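The values are calculated or read from the model by the stated rules, or taken from the named source; none is laboratory data. Everything numeric in this text was worked out from a predicted model, so none of it was measured. With ideal geometry, Cβ positions are generated from the backbone for all residues, glycine too; neighbour counts draw on all protein chains shown.
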Amino acid sequence: MMLAELLAEKGLKALGEVVLKKPGRRLEPDVYLLINGVRIVIEGKRPGMWDELEQKCRERLDNNVCDICVMVEYLDWTDSGPPITSLNPTQMQIRQALLNGKFRMGVMTYVERVGLERWLEERPKKALEVYENIGFHELVTYIMAAYDRMVREDIIAPVVERMDRVLRDFAANIVRTIDVARLMEVLELREKGGEEEE
């Protein structure tokens, strides 16, 4: 909740632990952001749980909960300020820990999950974006950069263009190898104007 509050203070429309209902399931992402229609989910875990974060983000994207999933692993909460040693820290302690701590952050988008990059000749398969040892303000910057890339980069047009090219090549090859007259006869197709009146 506190991470959502801090992001809201930065001017982002952030909700913490919001309940999203999908048919047959109830989903509760740690933080849900909506920026001009782009849905962003932030999932956070303590150190050593990076694999679980990646799995959770894959699930969020595969279940169409978000367009961008951000993984945040809380690395160092003690850089500036007293360490959190209590099992029940105060909201102020959590706030200071988030503002002054260090994180490992990763970004995953629907583009990687759907596999659209395989249709883009000029772009190699992109590895998961991971940023090490960043602070809260850098975290906000990277979230906004991921959003900016999502809305600025035209993924669909190059994919459609490549698919069109592949289909045209296929059609051209088929036309050269089939007997059109025989195909029309088998499919019971007639030339225009050659149809008998009933």
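General remarks:
- Flag if Trp77 is more than 19 Å from Leu12 (Cβ to Cβ), in contact with a Gly (Cβ under 7 Å, 6 or more places away or on another chain), surrounded by 14 or more Cβ atoms within 10 Å (Cβ to Cβ) and at pLDDT below 75: yes
- Just one residue in the set Leu61, Leu20, Leu53, Leu87 is under 23 Å from the mean Cα position of the chain (by Cα), modelled with pLDDT under 85 and at negative phi; that residue is Leu20.
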